[in-house]
Amino acid sequence: MSRPRVVTTGKVVNEKGGADLSSSEHTQVALSAFSFLFSEMCIRAYTFPTKVKNVEEVEARLTSLGAHVGTRLIMLSSVRDPVDLQRRPLTIDAVLKLLQEKLWLRWFGRSARDIQRESNSDRFFLFDSDPLVLKYVHPSPDYIDSEGRWNVNYASFMGGIIQGALQSMGFEAEVQTYHQPEPGKPHQSLFVVAFARHVWDRERKVRT
């Protein structure tokens, strides 16, 4: 399978302008270094520990890696964050609001654009118009269809971060990641969050 391509820059990013996958306000990560590391992760996802049979396996591996990161980010927040951010949400709406407005900003330098609930469904859609991890990482042309959509989405790593973070806060969920480009937003990705049945059962008890 073809490898992802990476274009790097020496720009340094922090809480206000990019990747801060830690809670120290003084931590800065060179975007070039992060992009190189992430590109290597994507390459290895095709071959380690075994060669994959399809792109779904690549995305599943990236999701699994991201879930470990999301779990540890929540563990860090319980130690370093202000008291108001350490309080664990009790409802699905509250945890999604925390994710959109606080955690996404902390992790990726800005709030998530939007969260919507699918009509007549228990699934939620979270949009990111320009995922940080895709800024300089692209699939080979073999994995891009005629409409410009990627058949493999390396932002599955971010979906895994969401999944791991929700799990750590007591909201078990499955997160699927899709590439949804629009004019002027070639990297836009959609994260579909489906909470486990026992989470919805608890939700009903909390609301009664």
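Quick look at the values:
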{"item": "Residues of the range 114-161 that turn out to be among the charged types (D, E, K, R) and farther than 19 Å from I92 by Cβ, as a count", "result": "7"}
{"item": "Index of the failed condition, V152 passing every other in (1) modelled with pLDDT of 80 or more; (2) surrounded by 12 or more Cβ atoms within 10 Å (Cβ to Cβ); (3) over 17 Å from the mean Cα position of the chain (by Cα)", "result": "(3)"}
{"item": "Residue satisfying all of: in the range 171-197; modelled with pLDDT under 95 and part of a loop (DSSP other than H, G, I, E, B); surrounded by the most Cβ atoms within 10 Å (Cβ to Cβ) among these", "result": "H187"}
{"item": "E101 vs. criteria surrounded by fewer than 17 Cβ atoms within 10 Å (Cβ to Cβ), of a type outside the set (K, R), assigned to a strand (DSSP E or B) and free of Cβ contacts under 8 Å to residues at least 40 places away in the same chain", "result": "no"}
{"item": "All positions within the range 112-140 that are without any contact (Cβ under 8 Å) to a residue 24 or more places away in the chain, farther than 13 Å from A155 by Cβ and surrounded by 14 or more Cβ atoms within 10 Å (Cβ to Cβ)", "result": "R113, I115, R117"}
{"item": "Residue ID - farthest from E59 (Cα to Cα), chosen from residues in the range 155-169 that are of a type in the set (S, T, N, Q) and more than 11 Å from the chain's Cα centre (by Cα)", "result": "S168"}
{"item": "Residue list for the range 95-145, restricted to those being among the small types (G, A, S) and on the phi > 0 side of the Ramachandran plot", "result": "G109"}
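Yes/no matrix, rows are residues, columns are (1) surrounded by fewer than 13 Cβ atoms within 10 Å (Cβ to Cβ); (2) at pLDDT below 80; (3) part of a helix (DSSP H, G or I):
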{"position": "L21", "(1), (2), (3)": "no, yes, no"}
{"position": "S24", "(1), (2), (3)": "yes, yes, no"}
{"position": "L37", "(1), (2), (3)": "yes, no, yes"}
{"position": "D84", "(1), (2), (3)": "yes, yes, yes"}
{"position": "L96", "(1), (2), (3)": "no, no, yes"}
{"position": "W107", "(1), (2), (3)": "no, no, yes"}
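The values are calculated or read from the model by the stated rules, or taken from the named source; none is laboratory data. Fair warning: this is a prediction, and the values are worked out from it, not measured in the lab. Neighbour counts are summed over all protein chains in view; Cβ atoms, including those assigned to glycine, are modelled from backbone coordinates with ideal geometry.
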